[in-house]
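To keep things clear, I will list the structure first and then write my remarks on it.
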Amino acid sequence: MPDHPSHPTAGDADKTVAAAATTGPIDAASVMSALTLGAASWIAARRWFGGKSRTITGLTVDDLALDQLGDGYAGLALVRLAYDDGGEDQYFLPVMLTGRPSAVDHTIAAVIGDTPLAIVDGPEEERFRAWFLDALAGGRTIEAVHGAFRFEPTEVLGDYLAAARSGGSRLIRSEQSNSSVIYGDAIIGKLFRRLQPGVNPDLEIGRFLTERTDFRAAPALVGGVSYLDAEGGETSVAVLQIFMPNTGDAWTATLRELADLIASASADPSVELPSVLIDTAPARLLGQRTAELHVALASSDVDDAFAPLGVTPDDVAGWERETIASIERQATMLDTALPRLTPIQQQTVVAVDLSPSRLSGRIGGYRSLAGTVRIRVHGDYHLGQILRGLTGDIIILDFEGEPSRSIVERRDRTAALKDVAGILRSLRYARAAAVKGYTGDVDERVIDHWLAQWESASRQALIDAYRAGVMASPHPLVPTADEAFTAALQAWELDKALYELAYEANNRPTWLDVPLMTLAI
């Protein structure tokens, strides 16, 4: 992947600002014209732009809503990028039209009329952020040229609105795929950037957990924003939740804990770790909360989008087909990528027989799910999606699902073990990251053996807590027999390892050994 975005035909917005002229007051047509001229190159330079390996050939503005805001305007735009490979993506551009932008670097374009106005990135502006929250509080529907933007608050909003308004707002700088705003340490709003038609699972699951369940290990939903097109189609563009104070994400905390474990073991090195050094409490808590999440998601028998569905032979056959197809795709992909790898990486790849016949035993594990149900799940469950709360509990975030999948696929019900497999694979990655990051004098093989003991103990603690917790559901979320549970879990871990393999081959070849070690077993 190139280090910099490909250059779109619209020019370089970092050097010149595209402008459109109007002979009278600012109107939607002039703003759309300015965005058409200048937004492509500006989008291409953003961290949240997802097409950095593609060349933009054009931009059209699908729709725009403008709302008077003092001496300027707040705007909500949907733009569509076209690429030279024939593909296209739709992006959400929340903008502000102002004669006094707070930061020139965030200027997208300009409109030259009776009063010249810069079109700037809305989340960068305090006035826009306040307007966005006010629109939600008012439950407004803002008409656009073709459709409308609907702001829908939940009953929870009233409990946090005063604190959110009184504490000011700030844009989170570390966000990559979306834009997130914190209001007074009371509410956090996530503005989706690259869009897909349909209801985003983060909004849908957040609403369900908030309004229909007692599950509180995820932020309560205070509202959402959707675009409604002229045909009645809906596209989620933002979700707002309560802000839950925390000490950081579980991935970072786990790596810190593993570094401490290595340091403690290194003081009196032995091949086998003393059990006192292995703290399985975080894994037990994670297993317990994951079970509670799945019990909550399976708690409605009447909601068409959430009611559990029995696993059928067709479901099992579909999972088997998808896994076999994934194996074949990844085998072809590795053959293609082989010349780009180092000799050591090549040896790692060719040593693994990646074939459906060798992996058929694990693929057959899906059949152990007969008699269980399919439910809504997190879908992209790993330690980076979990925060450590101030009281020692955990907070589960980001129910969007795997970003490479369509909204329809992400909203589909599947086996609860998909999430369990995801978090177990995250423990495996934490072990690998700790080993790869070690710079001390102990043999790396010893370090890995120590952390393998940590992973094994944490894995078992998580599974035990999870299996105990899901018994609270009246629905059979997982197989009850040990052998069937293990077989089904191995099938989903295989599915996740194949997903990882594709990612590592395309982005981090030095990490190929992590999924390949799992696939080699």
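In the range 224-345, with Lys and Arg counted as +1 and Asp and Glu as -1 at Cβ, which of these residues, HIS294, GLY310, ALA250, has the Cα nearest the positive end of the dipole, that is, farthest along it? Of HIS294, GLY310, ALA250, it is ALA250.
Need one word for the range 365-521: rounded, prolate or oblate. Basis is the Cα gyration tensor (sqrt eigenvalues a ≥ b ≥ c); a/c below 1.5 gives rounded, then a/b vs b/c decides. It comes out prolate by the Cα gyration axes.
May I ask you to list, by number, the DSSP H helices of the chain whose Cα span along the axis is at least 20 Å and whose average Kyte-Doolittle hydropathy reaches 1.0 or more?
Those that clear 20 Å and a mean of 1.0 are 28-44.
For the range 133-226, which GluC sites (Glu not before Pro) are in a loop by DSSP, counting at most 13 other Cβ atoms within 10 Å? Walk me through the intermediate numbers first.
Values: sites: GLU143, GLU155, GLU175, GLU204, GLU211; in loops: GLU155, GLU175.
Here the sparse-neighbourhood loop sites are GLU155.
Would you kindly state how much longer the chain becomes between ALA163 and SER275 on full extension, computed as 0.36 nm times their sequence separation minus their alpha carbon distance, in nm to one decimal?
Values: separation 112, 0.36 × 112 = 40.32 nm, distance 4.59 nm.
Between ALA163 and SER275, full extension yields 35.7 nm more.
Rounded to a whole number of µm²/s, how large is the Stokes-Einstein D of the range 60-190 at 25 °C and 0.890 mPa s, given Rh as the Kirkwood radius over C-alpha pairs? Using the Kirkwood radius from Cα pairs, D works out to 155 µm²/s. For the chain, adding -39500 (n - 2.57) for each run of n ≥ 4 DSSP H residues and dividing by the number of residues yields -13000 deg cm²/dmol at 222 nm.
Of the beta bridges in the chain, as assigned by DSSP with both residues counted there, near 95 percent are antiparallel.
As a proxy for reagent exposure, ranking ILE26, ILE395, ILE142 by other Cβ atoms within 10 Å from fewest up yields ILE142, ILE395, ILE26. With contacts taken as Cα pairs under 8 Å at a separation of at least 6 residues, the chain carries a relative contact order of 12 percent. Annotation for the range 233-284: GluC sites (Glu not before Pro) lying in DSSP loop with at most 11 further Cβ atoms inside 10 Å of their Cβ are GLU272.
If the chain linking ASP105 and GLU155 were pulled fully straight, counting 0.36 nm for each residue of separation and taking away their Cα-Cα distance, it would gain 14.2 nm.
Which length gain, in nm to one decimal place, applies between TRP48 and ARG212 when the Cα-Cα distance is subtracted from 0.36 nm times their residue separation? Mind showing how you got there, number by number?
On the way: separation 164, 0.36 × 164 = 59.04 nm, distance 3.25 nm.
Length difference between fully extended and current span is 55.8 nm.
Sites listed here are trypsin sites (Lys or Arg not before Pro) in the range 100-175 whose DSSP assignment is loop and whose Cβ has at most 15 other Cβ atoms within 10 Å: ARG173. Taking 7 Å steps out from each Cα toward its Cβ at GLN68 and HIS146 produces label points 2.8 nm apart.
Going by the alpha-carbon gyration tensor, a ≥ b ≥ c the square roots of its eigenvalues, is the range 18-242 rounded (a/c under 1.5) or, if a/c is not under 1.5, prolate (a/b greater than b/c) versus oblate?
prolate
Please say if the chain is rounded, prolate or oblate, where rounded means a/c under 1.5 for a ≥ b ≥ c the square roots of the C-alpha gyration tensor eigenvalues, and otherwise the choice is prolate for a/b larger than b/c and oblate otherwise? Could you put the intermediate results ahead of the total?
Numbers: a/c = 1.78, a/b = 1.57, b/c = 1.14.
Verdict is prolate for the chain.
Here, each number is a calculation from the coordinates, and none is a lab measurement. Since we're looking at a predicted model, the values are computed, not measured. Here Cβ is always computed from backbone atoms with ideal geometry, including for glycine, and neighbour counts include all displayed protein chains.
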